[in-house]
Each structure stands twice: as structure tokens, then as C-alpha cells.
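One structure is given here, and the rest of the page talks about it.
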Amino acid sequence: MEETRRNFIKKTGTVAALSALPVASYAQSSAKSEIKVALIGCGGRGTGAASQTLNVEGTKLVAIADAFGDNLKTCLDRLKNQYKEKVDIPKERQFVGFDAYKGAIDAADVVILTTPPGFRPIHFDYAVAKGKHVFMEKPVATDAAGVRSVLENAKKADEKNLKVVVGLQRHYDERYIETVKRVHGGEIGDIVSAQCYWNSAGVWVRPRTDKMTEMEYQMRNWYYFNWLCGDHIVEQHVHNIDVINWFMGDQYPEVAQGMGGRQVRVGKDFGEIFDHHFVEFTYGNGAIMNSQCRHTRGAMNRVTEYVAGTKGSAGPGIIRDHKGKVLWRYKGRPANPYQVEHNELYRHIREDKPLNNAYYGAKSTMTGIMGRMATYCGKELKWDEALNSEISIIPKEFTWESDPGPKPGPDGVYPCAIPGKTKVI
């Protein structure tokens with residue numbers, strides 16, 4: 001199983017200097033200039049992404065934003081302690097609240113978007129409008145409307161010569177890159193089926209306190225609410241789904257159907273999401289991907305991807321024939337992809353080379369969303385009808401007193417989708 005970003009923060013050191021070539025873009029950074037960076041979203045992932053950016057020579061963190069002041073302080077203290085002179089954020093560039101992202105983005109050349117995913121389309125839209133280069137975490141949306149917004153802004157980013165990296169870090173892992181290259185070169189023949197998994201024990205729970213509004217409770221426990229997280233098939237399993245789409249030559253499934261529900265993770269502490277999903281995705285060439293994700297303590301864990309072709313099969317760093325004989329195995333020692341994705345963003349900025357991951361980031365996010373929609377409704381869905389769904393799960397306004405949408409019942413338990421009854425289109 002992959003090394004987590006949080007563990008990597010503790011190990012990484014300063015990386016080699018980037019190439020020094022001029023840039024002609026909206027957020028310009030010359031060969032010798034310092035690149036000003038803003039962090040929007042100060043949780044564990046935001047702290048990790050900021051660390052990886054600050055490991056790149058010539059970067060400085062100049063602004064920071066979060067909905068919660070305590071998150072901001074914890075993150076800023078850690079980064080100041082680790083990077084000292086590379087963090088220059090006076091009080092006037094520390095922004096708190098739902099609109100905090102605007103001030104932080106305005107102050108920088110590059111923005112790191114690591115809030116809960118439901119806010120990603122809003123923040124990406126503002127960053128592109130302001131002409132900023134972007135690193136944004138996966139997934140890039142939690143509903144179809146959000147995906148459509150990201151795709152529209154991906155085009156605008158190209159028009160403005162902006163560089164965009166999405167945190168689907170396997171695209172920056174030499175082991176995966178070499179395996180995909182060989183699959184695309186025909187070494188396993190035509191792909192006929194695929195399997196991908198994110199089966200694990202699950203994630204944290206944060207208790208409700210008496211002083212919390214419903215909005216604050218859901219924001220603190222964002223993983224368990226679809227408008228913020230998208231369910232774990234979107235938030236987490238998107239990594240594995242994205243790899244299969246990549247193996248398939250950036251094709252995306254045309255049809256999805258599946259099943260899911262809540263079996264072990266039930267009660268008032270777990271919001272509205274399912275604890276397991278199984279989805280069958282069918283591609284245009286007839287290839288079928290079986291997708292599994294599950295949060296169950298004490299059960300088997302598996303996080304990986306495989307594809308089978310007419311000549312053999314492939315997984316991360318390995319190709320076999322149909323009898324199981326290893327035909328090729330990756331033997332290198334790849335650089336940590338969590339760092340490489342940041343290195344590449346700044347290299348492309350300095351060398352003024354095109355780089356825009358938002359397209360595949362949005363479409364792989366949509367694949368996960370279509371899987372969630374299929375398990376929630378219990379029906380077969382087609383790509384176009386899922387992508388064009390007009391059902392938005394994002395609140396209409398953002399204040400601590402506003403209604404975020406899902407409401408608990410009298411027993412404190414939130415209702416969840418009921419296959420056969422829930423509407424998703």
C-alpha cells in the first residue's frame with residue numbers, strides 16, 4: 001500500500017533546483033524570481049502539499065486560508081517551524097471563513113487547493129479567473145455540475161497559459177508510467193477487463209459538541225457528507241479508478257451499474273455515505289472494469305489496480321502472460337510521486353511548458369461520481385446522462401448558520417440513499 005503524504009512530510013528534504021528558463025504566463029515567474037504561493041485548506045493534506053511545494057527551490061508561502069482559525073494556526077505553526085524563512089505570512093495575509101480563499105488567491109502566483117472537495121470547483125473557478133497556476137487535490141468535485149465547471153475552467157486555463165496539476169499522484173510515479181507505456185505499446189494485447197480496489201478500515205470520526213451549528217459539524221466531519229466528500233468511492237477510490245481510465249488510453253466508461261450500502265459503519269457518527277460499493281463499468285470497446293471500495297475494520301485490505309488483455313495482464317510495475325509467468329517487472333527506485341507532482345508543476349511554470357491535469361482529473365472524478373450515482377439508485381446509468389445531471393448537492397449559500405442540506409432524524413442518524421428509490425438524475 002502506498003506511503004501516505006503525511007508520512008512523507010516527515011522524511012522529505014530539499015529537492016534539486018529547477019531549470020531556469022523564462023515564463024510568459026498570467027502568473028509570471030522569471031528564471032530567478034521567487035514564486036509566491038497561497039495555501040487554501042489547512043488540514044493534513046494541505047499541510048503536506050504545502051510542504052512538498054516548499055521543498056522546491058524558489059518557492060515562498062505568502063498567504064494562507066481556511067474556514068477554521070484553529071486549522072489555520074496549527075498548519076501555519078508547523079510550516080513555520082519546518083521551513084522558517086520560506087514562510088512569510090503576516091496577519092493581514094491569514095484569511096479565515098468561507099470567503100477566505102479570495103484574499104489568499106489574490107496574493108499569490110500559485111495556489112494550492114486542498115479544502116474538502118465540494119469547494120474545489122468554486123476555488124478553481126476563482127483561481128483561473130485571477131490567472132493563477134494551480135495545484136489542486138483530488139477529487140475535483142462532488143457532483144456533475146462541479147465536474148462540468150472544472151472542465152469549463154480547464155479550457156480557460158489553457159487559454160491563459162496556466163499550469164494545473166491534480167493530486168492523482170500515480171501519474172507522476174515512474175512505476176505506473178512505465179507500466180502504462182508498455183500496456184499502450186501492446187504488450188498485453190487489447191484490454192478486455194480490469195479490476196481496481198480501495199478496501200480499507202476507513203477514516204477518522206470527529207465528535208459533535210453542543211456549540212456546533214449543523215454546518216460546522218458537517219464541515220468538521222466532511223468525509224461523511226456527500227456535498228463535501230462525494231462518498232469514499234469519489235474521495236478515495238478515485239485514485240484507482242483513474243489508473244484504469246489511464247490504462248484504457250484516457251477512455252471513460254459509457255455505462256455503470258452496481259450495488260452498495262451501509263452494513264458495519266452505521267449510526268449517527270457516520271453521516272450519509274455508504275461503507276461499501278461494487279460497480280461494474282463498461283467502456284466503449286466492451287471492456288469491463290469491476291470496482292471495489294469498502295471501509296470495514298478487521299476485513300481484508302487491498303488497494304491496487306489490474307488490467308487483463310488478450311495476451312496477458314498488468315498491474316503496477318508488473319506484466320504477466322496468461323499462465324502467470326512474469327514477462328517484465330519494474331526494478332527501479334522511483335522518486336516519491338507526491339513530491340514529483342510539485343516538482344513538475346514548478347518546472348513547467350519556469351520553462352513555460354503546457355501542463356493541465358484538470359481534464360483527466362475531472363473525468364476520473366466523474367467516473368467515481370457515476371459509480372456513486374449507480375449504487376445509490378440501483379439502476380444502470382449512461383455517462384452522458386450522469387454528466388448532465390441537474391441535481392446539485394452543494395448548498396446554495398455558505399454561512400455557519402445556513403442549511404447544508406442533509407438533516408439527521410430524531411435519533412441523530414442521517415438518512416442515506418436507498419437503491420431502487422433514490423433519484424440521481
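Build a GNM of the chain with springs between Cα atoms under 10 Å apart, and of ALA50, ALA362, ALA67 the one that fluctuates most is ALA67.
Surface exposure of the chain, expressed per residue as accessible area with a 1.4 Å probe, stands at 42 Å². Across ILE64, ILE241, ILE391, mean-square fluctuation computed from a Gaussian network of the chain (C-alpha pairs under 10 Å connected) peaks at ILE391.
Across the accessible surface of the chain, with the other protein chains kept in place and a 1.4 Å probe, carbon and sulfur atoms take up 50 percent. Each residue was assigned an accessible area with a 1.4 Å probe, and for ASP106 the value is about 80 Å². Only lysine pairs 8 or more places apart, or on different chains, with alpha-carbon atoms under 24 angstrom apart are counted in region 270-425, and they number 16. Among GLY44, GLY298, GLY230, the largest mean-square fluctuation in a Gaussian network model of the chain (Cα springs under 10 Å) belongs to GLY298. The heavy atoms of HIS295 present about 0 square angstrom of accessible area, all protein chains included, probe 1.4 Å. Applying a 4.7 Å Cβ-Cβ cutoff to the chain leaves CYS196, CYS229, CYS293, CYS377, CYS416 as cysteine residues with no disulfide-compatible partner. Calculated mean residue ellipticity, 222 nm, the chain: -9500 deg cm²/dmol, from DSSP H runs (n ≥ 4) at -39500 (n - 2.57) each, averaged per residue and rounded to 500.
A 1.4 Å probe over all protein chains sorts THR375, THR209 by accessible area into THR209, THR375, starting with the largest.
Note on exposure: ARG333, ARG265 ranked by accessible area (1.4 Å probe, complete protein assembly) read ARG333, ARG265, with the most exposed listed first. Just so you know, the Rg over Rh for region 166-234 is 1.21, from Cα atoms, with Rh as the Kirkwood radius.
Residues whose amide H falls under 5 Å from that of ARG262, counting only those 5 or more places apart or on a different chain, are ASP275, with hydrogens built in the peptide plane. With the gyration tensor restricted to C-alpha atoms of region 205-300, the semi-axes of the equivalent ellipsoid amount to 31, 15, 10 Å, longest first. Here PHE95 sits with roughly 50 square angstrom of accessible surface, probe radius 1.4 Å.
Structural size metrics of the chain, computed from C-alpha coordinates, are Rg and Dmax of 21.2, 64 Å. Computed on the Cα trace of region 270-315, the radius of gyration divided by the Kirkwood hydrodynamic radius gives Rg/Rh = 1.08.
With viscosity set to 0.692 mPa s and temperature to 37 °C, compute the Stokes-Einstein D of region 332-394, Rh being the Kirkwood radius across alpha carbon pairs; µm²/s, no decimals. Translational D for this selection: 223 µm²/s.
For the chain, the antiparallel share of DSSP beta bridges with both residues in that region comes to about 50%. Indicate the gyration tensor shape class of region 56-118 (rounded, prolate or oblate), computed on the Cα atoms with a ≥ b ≥ c the square roots of the eigenvalues: a/c under 1.5 is rounded; otherwise a/b larger than b/c is prolate and the rest oblate. Cα axes put region 56-118 in the prolate bin.
With the convex hull of the Cα atoms taken as the outline of region 355-425, the averaged projected area works out to 6.9 nm².
Taking amide H atoms as placed 1.01 Å from N in the peptide plane, the amide H of ILE318 lies under 5 Å from those of TYR330, each 5 or more residues away in sequence or on another chain. With viscosity 1.002 mPa s and temperature 20 °C, the Kirkwood radius over alpha carbon pairs of region 296-425 converts through Stokes-Einstein to a diffusion coefficient of 106 µm²/s.
The values are calculated or read from the model by the stated rules, or taken from the named source; none is laboratory data. What you see is a predicted model; the values in this text were computed from it and never measured. Positions of Cβ are generated from backbone atoms using ideal geometry, with glycine treated the same way; all protein chains shown enter the neighbour counts. To get the accessible areas, we keep the full protein, side chains included, count just its heavy atoms, and leave off ligands, DNA and RNA. Shrake-Rupley method; radii C 1.70, N 1.55, O 1.52, S 1.80 Å.
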